[in-house]
Every structure is written in C-alpha cells, then in structure tokens.
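Participant: Can you keep this structure in mind? I'll have questions shortly.
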Amino acid sequence: MHTLQRRSLIQLGLATIAAAAHATASGASEPSGKTVRVGAGADRENKTRSVGLSATTYKVLTADSQGALFVLEQSNHKPGGPPRHLHHAQDELFYALEGEYIVEVGADRFRLKPGDSVLGPRGIPHAWAFASGAPGRLLISFAPAGQMEAFFAERDRRVKPGTYSSGESGAAFLHAYGMELIGPPLVVN
C-alpha cells in the first residue's frame, strides 16, 4: 500500500477515536455498549434505498458511534457516480468490495479493485464512479458522521434520482449538508 494511503488510513482511525472521545467529553450520552450486527446485503434500519445508479444500505448509523462514524454500502449496477464535491467536516473512506471503481481525490486518480481503498480527506475535492460491467459494491465511511446520514435520508425522501448533483438547486442541496458541488461526475469509458 502506498505510504500516503497507509498514513491516511491510520489518521482516519485516530480521527474516529478522537471524535468519539470528544462526543463523550462534550456531554454526549455514553455509548450504549450494544453491539450492532448487520448481515450481508442487509440494511441497519431494514429499509430499501435505491436512487439512480445504485442501491444503498446503511451499515453503521451516526447514533451507533455517538456521531464519530457513518458507514454505508453502495451496490452499483450501471457505470457512474456522484459529481465532484468536497466535505468541509468529513473524511470519506472508499473500500471496494466487488467490481471496479475509479476514485479521484484532488489531482490523484485511482482504480480500485476488490480489497483496495482510498481516503478522501475533508476539504479536498473528490468523486468516484463505478467502472465495471458486472455488479459492484463500494463501502463508504464518513468520519466524523456529521450530517451525512441526514443528507442521504433527505435525498432519498425528496429528490428525484440524480437531481441533487446538477444545477443551482443541486449545489444548494449539498451546501445545506456541509458539502460543496465542485464539478460534474467522472466520465467512465
């Protein structure tokens, strides 16, 4: 693994621990101590979420980690992905479970195959796209969780597939959840 990626993964783990400690120290309720198991293909809330190119299953809810982490799995059946954007307060970790993905972070572009991961640090523009013909699955983690769970819930509730990523209303929608729309989605050949 590239030294920068390894260092970033370690930093993400430390950031998650620090965020959990901060949440507890700042008066947040103590963790319940309850272990949460979510089976393969299952959703933490037993919901079905499908928008545009993918279906989403939640694996770790914001409340499960006292705000330190939100984890979801994207199952893709068509090439493509979200537009270039950045998060002001979250690091985003991409871990390919199945299929191939292209992830662009700043000026760096990576092709992820199963078992590969890359960290998109907060404040750095990034985008990803599913890039293979067979179905794919990508595990995405946000640390700290911030408003990401609320963003996905609201997107699923009121936005037509793909519209959160285009036009002025798309930029305003992302901005309301601590993100900035930077540019179009990656082109997958």
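Participant: Tell me which residues, restricted to region 108-148, are touching a residue at least 24 places away in the same chain (Cβ under 8 Å), farther than 18 Å from HIS77 by Cα and not in a loop (DSSP other than H, G, I, E, B).
Facilitator: SER117, VAL118, LEU119, GLY120, HIS126, SER141, PHE142, ALA143, MET148
Participant: Is region 1-16 home to any residue that is of a type outside the set (D, E, K, R), modelled with pLDDT of 90 or more and not in a strand (DSSP E or B)?
Facilitator: So far as region 1-16 goes, no, none of its residues is of a type outside the set (D, E, K, R), modelled with pLDDT of 90 or more and not in a strand (DSSP E or B).
Participant: Restricting attention to region 112-120, does a residue exist that is modelled with pLDDT under 95 and closer than 18 Å to GLU149 by Cβ?
Facilitator: no
Participant: Can you pull out the residues in region 100-115 that are among the small types (Gly, Ala, Ser) and either within 14 Å of the chain's Cα centre (by Cα) or within 20 Å of VAL38 (Cα to Cα) (or both)?
Facilitator: GLY115
Participant: Inside region 49-71, can you point out the residues that are closer than 17 Å to ARG157 by Cα and under 14 Å from the mean Cα position of the chain (by Cα)?
Facilitator: Passing the criteria: SER54, ALA55, THR56, THR57, TYR58.
Participant: Give me the residue from region 154-178 that is part of a loop (DSSP other than H, G, I, E, B) and modelled with pLDDT under 50 and, out of that set, surrounded by the fewest Cβ atoms within 10 Å (Cβ to Cβ).
Facilitator: SER166
Participant: Within region 56-78, can you find the residues that are surrounded by fewer than 18 Cβ atoms within 10 Å (Cβ to Cβ) and under 17 Å from PRO135 (Cα atoms)?
Facilitator: The answer is HIS77, LYS78.
One line per residue, one yes/no per condition, for (1) more than 13 Å from ALA127 (Cα to Cα); (2) free of Cβ contacts under 8 Å to residues at least 60 places away in the same chain:
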{"site": "SER50", "(1), (2)": "yes, yes"}
{"site": "SER75", "(1), (2)": "yes, no"}
{"site": "GLY80", "(1), (2)": "no, no"}
{"site": "ARG84", "(1), (2)": "no, no"}
{"site": "HIS87", "(1), (2)": "no, no"}
{"site": "PHE94", "(1), (2)": "no, yes"}
{"site": "VAL103", "(1), (2)": "no, yes"}
{"site": "GLY106", "(1), (2)": "no, yes"}
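Participant: Separate question: I'd like to check which strands (runs of 3 or more DSSP E) are fully inside region 60-99 and have at least 3 residues that are within 25 Å of ARG37 (Cβ to Cβ) and not aliphatic (A, V, I, L, M).
Facilitator: Where strands (runs of 3 or more DSSP E) fall fully within region 60-99 and carry at least 3 residues being within 25 Å of ARG37 (Cβ to Cβ) and not aliphatic (A, V, I, L, M), they are 70-76, 91-98.
The values are calculated or read from the model by the stated rules, or taken from the named source; none is laboratory data. Source: prediction; values computed, not measured. Note that we place each Cβ from the backbone using ideal geometry, even for glycine, and neighbour counts take in every protein chain shown.
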